[in-house]
1. Filter the stretch 62-76 down to residues that are at pLDDT 80 or above and assigned to a helix (DSSP H, G or I) and give me whichever is surrounded by the most Cβ atoms within 10 Å (Cβ to Cβ).
2. From the list 103, 59, which residue is at pLDDT 80 or above, surrounded by fewer than 16 Cβ atoms within 10 Å (Cβ to Cβ), part of a helix (DSSP H, G or I) and more than 18 Å from the chain's Cα centre (by Cα)?
3. I'd like to check something: does the stretch 46-55 contain any residue that is in contact with a helix residue (DSSP H, G or I) (Cβ under 8 Å, 6 or more places away or on another chain), farther than 14 Å from residue 95 by Cα, part of a helix (DSSP H, G or I) and at pLDDT 85 or above?
4. Within the stretch 10-18, does at least one residue satisfy the condition of being over 10 Å from the mean Cα position of the chain (by Cα) and either at pLDDT 85 or above or not in a helix (DSSP H, G or I) (or both)?
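The values are calculated or read from the model by the stated rules, or taken from the named source; none is laboratory data. Please read all numbers here as calculations on a predicted model, not as lab measurements. Cβ: placed from backbone, ideal geometry, glycine included. Neighbour counts: every protein chain shown.
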């Protein structure tokens, strides 16, 4: 896997993968919230780009899981699914922020220079 450590155990693998991806998800959510607060479409686009970049890795991570009988692997797979659902929520928030920012920016008059 992308963030796996050489010779590390399952815990090292989980944390070396989980922590950077979780930080990317948090960056997506923070950027989306800033976009919602200020109504800036550019910030919303940045949130979507961050979500897409993190999503490539998260989806590849979940897609590469294989069924196993090893109890240690079950915990790792649960963590990967949890990460996937965090990413889904962050992406939905980023998309809602983009739509809200565009609606606030253009409003009912269609004037992009109008501020609410």
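1. 62
2. 103
3. The answer is yes; a qualifying residue exists.
4. Here is the first cut: in the stretch 10-18, the ones over 10 Å from the mean Cα position of the chain (by Cα) are 10-18.
If we keep only those that are either at pLDDT 85 or above or not in a helix (DSSP H, G or I) (or both) as well, we get none.
No, because not a single residue in the stretch 10-18 is over 10 Å from the mean Cα position of the chain (by Cα) and either at pLDDT 85 or above or not in a helix (DSSP H, G or I) (or both).
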